[in-house]
Structures are given as C-alpha cells and as structure tokens.
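All of the numbers you see were taken from the coordinates with simple rules; none came from a lab. No experiment lies behind these values; they were computed from the predicted model shown.
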C-alpha cells in the first residue's frame, strides 16, 4: 500500500476516533442530567431524544468507522506484528472503550424504559473513563514505548 494511502487511512481513523470519543465523553454527562430529571417530565423527554440521536447518528457509526480504519492500519503493518507490544496495550484499551460503549448503550435502553440505571454521581465519575483510556491509547500509538517482545 502506498504511503499516501496509509496517510489517508490514518487521517480517517483519527477523525473517526475523535467523533467516537467525543460522544463517549458527552453521553455520561447527558445521563447525569437525565438521572436527576423528573420522570415523565420535559427534561427527560428532551434527554431521551438527545441520547438516541447521539448514539445512532454519531457514536455508533464513528465506532464502526474507527474499527474499520484501525483494522486497515494494522493490516499495513502485519509484518511487524506478533508478541506483546505497545499495540497489545493499545488494543486492550480500545477493547475497554468498546465495553464502555456497550455499557452506555445498554443504559440508554434502560432510560428509554423509564429506569434509572445509575446515579447522577456515578455518571459524573464514569465520564472520566474515556479520557483515561484515550491517554493510554494515544501514548501507545504515537510513542510506541514497548517494542515487540
């Protein structure tokens, strides 16, 4: 694959990840507001619409495009893969982001059924999880601190 094509893959991957992580950062904040809203009230109705749109229009498509472009980038370096390296740590952190995405999606469905899956305080704490994972991912991807073992 040409160097120009790899740069385009990197650009598309970074753009996709930016949108995905932005959604993962704002959704717990939405849930914190939603948790404190009066059941059946105007704020709850607005939050349900905002949460659904964020998940279906931005978060989930960005997750899939991040996965697609990321897998393509791994494919460009297949000859360098193997063993435990920075990529193993990065992929574990990415797996944790997928898990977090799934947890937030499940909570959205619970909110839609009128449930309150977690407290406002819990969602404010969960809001930090994507930030920590992104720090790990970026350091692993850019610095590549651990060579293949």
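Worth a mention:
- Of 78, 11, 22, the one that fluctuates the most in a GNM where the chain has Cα springs shorter than 10 Å: 78
- Share of pairwise Cα separations in region 34-90, more than 20 Å, in percent: 54
- Whether region 61-149 is rounded, prolate or oblate, judged on the alpha carbon gyration tensor where a/c under 1.5 counts as rounded: prolate
- Once the Cα atoms are used to define both axes, helix 42-53 deviates from the longest principal axis of the chain by about 20 degrees.
- Of all the options 49, 94, 17, the one that moves most in a Gaussian network model of the chain with Cα springs shorter than 10 angstrom is 49.
- 0 to 90° range, to nearest 10: angle between helix 86-112 axis and the chain longest Cα axis: 20
- Estimated from helices alone, the mean residue ellipticity of the chain at 222 nm is -25500 deg cm²/dmol (sum of -39500 (n - 2.57) over DSSP H runs with n ≥ 4, per residue).
- Mean sequence separation of contacting Cα pairs (under 8 Å, at least six apart), scaled by the length of the chain, corresponds to a relative contact order of 38 percent.
- The stretch between residue 29 and residue 125 holds 33.6 nm of extra length on full extension. This uses 0.36 nm per residue minus the Cα-Cα distance.
- Max mean-square fluctuation residue, GNM over the chain, Cα-Cα springs under 10 Å, options 57, 137, 14: 57
- Angle in degrees between helix 3-36 and the longest Cα principal axis of the chain, rounded to the nearest 10: 20
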